[in-house]
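Worksheet: the structure to be examined is printed underneath.
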Amino acid sequence: MGTLLNRLIPGIIWLWQLPQHLLALILIHLWNATYNPHHGIWLIDKKGIGVSLGSYILLDKRYGCGNIDRITTAIKHECGHSRQSLIFGPLYLLVIGIPSAICTNLWDRLFHTNWPSARRERWYYKRYPENWADMLGGVKREEWAANKRRK
Ligand SMILES: [Zn+2]
């Protein structure tokens with residue numbers, strides 16, 4: 001019984017996040033994403049895009065221009081969104097995905113075009129649900145920004 005349950009759990013966890021997992025599979029197909037086994041993420045050819053849909057993380061293949069600190073920080077942040085997906089299950093897109101896409105991402109792209117990038121980044125990661133994703137993913141944004149300034 002125990003082993004049967006152990007075998008069923010990954011499937012149950014996958015189904016719990018079904019809406020975002022289906023969306024991920026559609027985007028992976030539409031965007032011709034390639035899997036990167038080293039980072040455990042899907043690389044896409046979409047400028048500046050990073051999306052976390054349950055167990056699937058899709059990230060712009062040029063993100064961070066090879067800067068390993070930036071890439072690692074982005075992956076940790078997206079893992080934070082994956083945890084939010086585990087918590088909210090079928091409500092993830094409603095509670096996290098849509099607010100993040102519209103109130104943070106789209107808003108920033110539309111209204112902050114003449115802001116310096118550091119200010120945009122600060123604004124972006126202080127907002128819900130981004131600040132919470134940072135916390136869940138173990139990203140210490142202020143420390144990271146200070147390190148960047150020192151370099
Ligand atoms: Zn985010």
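Quick look at the values:
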| quantity | calculated |
| --- | --- |
| Counted residues, the range 6-39 - those being touching a strand residue (DSSP E or B) at 6+ places or on another chain (Cβ under 7 Å) and touching a residue at least 60 places away in the same chain (Cβ under 8 Å) | 2 |
| Residues of the range 37-48 satisfying the condition of being surrounded by 14 or more Cβ atoms within 10 Å (Cβ to Cβ) and of a type outside the set (D, E, K, R) | His39, Ile41, Trp42, Leu43, Ile44 |
| Residue in the range 77-129 that is farthest from the ligand (Cβ to nearest atom), counting only those that are among the hydrophobic types (A, V, I, L, M, F, W, C) and in contact (Cβ under 8 Å) with a residue 40 or more places away in the chain | Leu86 |
| Yes/no for Leu93 being surrounded by 14 or more Cβ atoms within 10 Å (Cβ to Cβ) and in a strand (DSSP E or B) | no |
| Positions within the range 8-53 being touching a Gly at 6+ places or on another chain (Cβ under 7 Å) and either away from the ligand (no atom under 16 Å from the Cβ) or modelled with pLDDT under 95 (or both), in sequence order | Trp16, Gln17, His21 |
| Some residue of the range 91-109 being out of contact with any Phe, Trp or Tyr (no Cβ under 6 Å at 6 or more places or on another chain) and more than 27 Å from His29 (Cβ to Cβ) | yes |
| Among the residues listed as Trp144, Trp132, the single one being in a helix (DSSP H, G or I), within 16 Å of the ligand (Cβ to nearest atom) and modelled with pLDDT under 90 | Trp144 |
| Leu59, sole failed condition from (1) farther than 23 Å from Asn131 by Cα; (2) within 16 Å of the ligand (Cβ to nearest atom) | (1) |
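The values are calculated or read from the model by the stated rules, or taken from the named source; none is laboratory data. Since the structure is predicted, the reported quantities are computational estimates derived from the model, not experimental observations. Cβ atoms come from the backbone with ideal geometry, glycine included; neighbour counts cover every protein chain shown.
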